[in-house]
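The values are calculated or read from the model by the stated rules, or taken from the named source; none is laboratory data. Being a predicted model, the structure only gives us computed values, none of them experimental. All Cβ positions, glycine included, derive from the backbone under ideal geometry; neighbour counts span all protein chains shown. Please note that ligands, DNA and RNA were not included when accessible areas were found on the heavy atoms of the full protein model with its side chains. Shrake-Rupley method; radii C 1.70, N 1.55, O 1.52, S 1.80 Å.
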Amino acid sequence: MPKIHAAITAVQGYVPEYVLTNEELEQMVDTNSEWILSRTGIRERRILKGKDQGTSVMAIEAVSKLIDKKNINPADIDLLICATVTPDMVFPATANLITDAVGAVNAFGYDLNAACSGFLYALSTGAAFIESGKYKKVIVVGADKMSSIVDYTDRATCIIFGDGAGAVLLEPSQTDEGVMDYLLHSDGSGAPYLHQKAGGSRRPASHQTVDAREHFVYQEGQAVFKFAVNNMADVSARIMERNGLTANQVAFLVPHQANKRIIDATAHRMGLTDDKVMLNIDRYGNTTSGTIPLCLWEYESRLKKGDNIILSAFGGGFTWGAIYIKWAYNS
Ligand code: UT7
């Protein structure tokens, strides 16, 4: 039997309205706009404001607009995977809140946590369900409300992150296009460099953990930077090599948006010119699971059927990887 490929057949993003600029951050911590821009490439990021507004709010916006755009019946969705490190609640899964809100009454759903590589892990997992032949419509959504775990007194982390969500629909490809290959890695020895200390089973929430500000992102920036530069560039070059792709044959790199310098190093290693690199870090910062689908959404009109694109990410865990996709439609 010929292999079934899982094709992305639609993409949709959502970012909240509130814009947190570098200038506003200057009023909050000891930093300056030039430093942030030159060290990270970020000018502003979006923040989800309002009481009791969780990650699901953004994911529901993205998924419901995706359903409308593709004009599908929500009852036909088989599975929804939500990549996130900021679920609305520890349980139930945010995926359950999303499927309920969008009327995906026949779908099962679960959350997946691979930090900034979450969307890649979720996309490859969703693709495997389609490739099995048993499932016809899978939604993969990457969504994070990073502002809920960022310490706005810590200048080393609060300048980087933002909130946002992006979703794709996966269906069996009618042709040979779709997810062609993936290379995923994890290395738990990287955990000390990037993690959230409290709120899990090891250190449940207590007055002491709150007073010690342990419910926020802890990052040793320089150490993470070195691992990210090496591994994201390596894995992106390797997936090209093992699929026999030259730089000329790659239409776009879709990199996780953590730091413009990491993106530049990855593109350089792949031999790609700047015009082939999707970017939105200047406007959204690092939205963790949201960066890659938000890029695809913003560049959708420039993608053509048959384009070779490489998705690539590095994040907490450590986790990293790359996915090779043959784009399946003209919009
Ligand atoms: O997405 C998941 C994975 N995460 C990443 O990929 C992030 C990787 N790391 C990074 O992107 C960078 O390490 C950061 C953007 C977090 C930091 O940039 P850096 O160039 O590595 O800065 P640094 O930590 O080496 O700090 C350089 C200097 C220090 O001052 P001294 O010791 O040289 O006097 C910092 O205290 O810059 C200082 N600094 C700042 N200055 C102004 C650190 N943060 C700031 C700030 N504003 N916000």
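Straight Cα distances below 14 angstrom link K3 to the aspartates and glutamates E131, E171, D176, E177, D181, with same-chain residues fewer than 8 positions distant left out.
I'd like the GluC sites (Glu not before Pro) in segment 1-86 restricted to DSSP loop residues with at most 11 other Cβ atoms within 10 Å, sorted by number. Spell out each step's value before the answer.
Details: sites: E17, E23, E24, E26, E34, E44, E61; in loops: E17.
Sites meeting the loop and neighbour criteria: E17.
Each listed q (0.09, 0.15 Å⁻¹) maps to a log10 I(q)/I(0) for segment 180-326 from the Debye sum over equal C-alpha point scatterers, namely -0.32, -0.76. Peptides 5-15, 189-199 ranked from most to least packed, by the mean per-residue count of other Cβ atoms within 10 Å: 5-15, 189-199. Backbone amide hydrogens, once placed in the peptide plane, bring N286 within less than 5 Å of F161, G162, excluding anything fewer than 5 places away on its chain. To put it simply, the accessible area of the chain at a 1.4 Å probe is 50 percent carbon and sulfur. Pull up the cross-link candidates among the lysines for K70, meaning alpha carbon to alpha carbon under 20 Å and not fewer than 8 places away within one chain. Straight-line reach from K70, under 20 Å: K136, K137, K304, K305, K326. The lysines whose alpha-carbon is closer than 20 Å to the alpha-carbon of K145, local same-chain residues fewer than 8 away aside, are K49, K51, K65, K197.
Descending by average beta-carbon neighbour count within 10 Å, the peptides 303-311, 253-261 line up as 253-261, 303-311, the highest first.
Sorting the Cα pairs of segment 249-293 by distance into bins of 10 Å, from 0 upward, gives 30, 56, 14 percent per bin. Here the average projected area of the convex hull drawn through the C-alpha atoms of the chain stands at 16.3 nm². Scanning the chain for helices, which whole DSSP H stretches are 18 Å or more long along the axis (Cα) and average -1.0 or more by Kyte-Doolittle? Long hydrophobic helices here: 55-70, 118-131, 221-242. Rolling a 1.4 Å probe over the heavy atoms of the protein chains gives the chain an accessible area of 43 Å² per residue. In µm²/s, what is D for segment 5-179 at 4 °C and 1.567 mPa s, where D = kT/(6 pi eta Rh) by Stokes-Einstein and Rh is the Kirkwood radius from Cα pairs? For the chosen part, D equals 76 µm²/s. Separation of segment 270-293 from segment 166-236 is 17 Å, based on Cα centroids.
A cut-off of 5 Å between modelled amide H atoms, ignoring neighbours fewer than 5 places along the same chain, links Y218 with H195, Q196, K197.
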